[in-house]
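Take a look at the structure below.
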Amino acid sequence: MFKNIKKQFQDEILKIKESGMYKDEKIIEGMQGTEIKVEGKTFLNFCANNYLGLASSRELINVAKKNLDNYGFGMASVRFICGNSTVHKDLENEISKFFGTSDALLYTSCFDANAGLFEAILKEGDAVLSDELNHASIVDGVRLCKADRFIYKHSDMQDLEDKLKSLGQRNKILIASDGVFSMDGDTAKVVLLCDLAEKYRTMLMIDDSHASGVLGQSGRGSVEGLMDRVDILTSTFGKALGGAGGGFTTGRKEIIEYLKQKSRTSLFSNNLPPMIAGAALYILSNFDKEFNSLRQKLIENTKYFRDQMQSLDFNLGGDGSHPITPVMLFDEKLTTDMAQKLFLNGIYVRGFTYPVVPKGKARIRIQLSSSHTKEQIDKAIEIFAKIGKEMGVIK
Ligand SMILES: *Cc1c(COP(=O)(O)O)cnc(C)c1O
């Protein structure tokens with residue numbers, strides 16, 4: 001049977017390759033880190049979400065091992081049947097304490113948290129307003145729900161307000177935004193979003209996956225100091241707060257209680273492996289005294305890299321408030337070629353081209369980590385300068 005269909009897949013794959021959008025995977029040998037091994041060679045890694053360098057932290061490996069011994073390999077159940085243990089409950093309580101909310105619900109990823117949110121809490125006739133650059137998991141989550149959807153221009157509060165004005169009478173309205181947008185590293189205007197949500201009596205949801213553990217004086221993210229005004233926060237343990245995985249929804253207790261009854265990605269999918277829940281619990285409960293200080297190094301590294309690259313005349317996107325640092329090249333092919341040359345010179349970065357970013361906005365996205373050393377950053381800058389000159393990107 002498959003013989004007839006096989007050709008269709010082969011043709012589609014060929015088309016992806018011809019358009020230059022084929023993603024070839026590089027396989028890391030050993031652990032994630034600022035220095036990685038690929039095909040036996042060593043590379044400096046500047047494209048992980050490993051903002052606080054915790055992905056291969058010895059301390060966390062030991063904490064995870066201890067939890068593995070205490071709680072076993074896995075739950076072999078969804079949460080509401082028999083998949084919830086004390087470590088999961090303790091983690092949910094800690095999430096609420098950390099962010100200043102009244103309850104929380106774990107998922108195996110933030111993608112699942114978002115996929116299980118909108119359909120559960122919004123009904124036909126309700127409305128959801130979503131930033132045009134929101135993460136794919138919000139896009140998909142919104143697609144699953146029956147509410148009317150409105151896409152507002154990126155961080156454009158006027159466009160959002162115009163759309164809010166046009167909604168008429170609705171039972172429920174929800175504004176949904178990333179806290180930090182992944183392609184530019186720009187932060188949402190969370191205060192203004194809160195203002196509009198209050199003025200038009202809507203709910204507000206922020207996905208802080210790139211911001212939790214990264215932004216705010218105490219690492220609470222783009223919502224730091226605002227959680228009494230934000231109704232729903234989703235985020236991940238797969239970036240700054242560990243790197244292994246796991247996600248959560250936190251916020252108003254009535255919403256969380258309702259999600260526990262209705263959210264399909266919670267009801268029909270296994271709870272987090274307890275060793276990961278235990279490590280996440282350790283990170284949150286020790287964040288202020290142990291991990292928040294890593295943010296200082298992250299900020300310094302980001303500033304140092306940006307300053308040096310700017311003085312070389314590279315065109316950088318973003319506003320410098322986040323370790324996501326886009327090196328704007330605009331041209332699709334130039335971007336792919338330059339990323340490849342950097343790789344051949346030992347710097348592992350990724351080029352982002354259409355349709356991941358808009359046409360004509362191709363870029364190489366750099367992400368700094370607190371665990372990058374000055375020598376590693378200097379090395380990257382030196383190679384960027386060399387290849388940038390060779391390719392005519394800078395003089
Ligand atoms: C990375 C990311 C996610 C997905 O997180 P996972 O836990 O890996 O599923 C969701 N939303 C945003 C905004 C992200 O940046």
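All of the numbers you see were taken from the coordinates with simple rules; none came from a lab. As the structure is a prediction and not an experimental result, all values here were calculated from the model. Note: ideal-geometry Cβ built from the backbone for every residue, glycine included; neighbour counts use all protein chains shown.
Below, the figures for the structure above:
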quantity: Ordering of 16-29, 347-360, 120-133 by packing [mean C-beta count within 10 Å, highest first]; calculated: 120-133, 347-360, 16-29
quantity: Theoretical gain in end-to-end length, E290 to K389 [0.36 nm per residue, Cα-Cα removed]; calculated: 31.5 nm
quantity: Over the chain, relative contact order from alpha-carbon pairs under 8 Å, at least 6 apart, %; calculated: 21 percent
quantity: Global form of region 116-181, assessed from the alpha-carbon gyration tensor, a/c cut-off 1.5; calculated: oblate
quantity: Close Lys-Lys pairs in region 1-124, where close means Cα under 23 Å and separation is 8 or more or interchain; calculated: 18
quantity: Expected 222 nm ellipticity per residue - DSSP helices of 4 or more, -39500 (n - 2.57), all of the chain, to 500; calculated: -12000 deg cm²/dmol
quantity: Members of K153/K374; K146/K260; K374/K395 lying beyond 27 Å, as alpha-carbon distances in this model show; calculated: K153/K374
quantity: The chain: DSSP helices with Cα axial extent of at least 15 Å and average Kyte-Doolittle hydropathy no lower than 1.0; calculated: 274-285
quantity: Cα shape, region 214-259, gyration tensor, a/c 1.5 rule; calculated: oblate
quantity: Choice from F99, F181, F343 showing the highest fluctuation, given a GNM over the chain with Cα pairs closer than 10 Å; calculated: F343
quantity: Relative contact order (%) - region 58-291, alpha-carbon pairs under 8 angstrom, separation at least six; calculated: 31 percent
quantity: Inter-label distance for F73 and D319, nm, one decimal - labels placed 7 Å from Cα along Cα-to-Cβ; calculated: 4.9 nm
quantity: Within-11-Å neighbourhood charge of M227 [Cβ basis; K, R +1; D, E -1]; calculated: -1
quantity: Point-to-point label distance, K262-I28, nm (Cα→Cβ direction, 7 Å offset); calculated: 3.8 nm
quantity: Cα→Cβ-extended label distance, 7 Å offset, between E12 and Q310, nm; calculated: 4.4 nm
quantity: For L294, L334, L193, order by how many other beta-carbon atoms lie within 10 Å, fewest first; calculated: L334, L294, L193
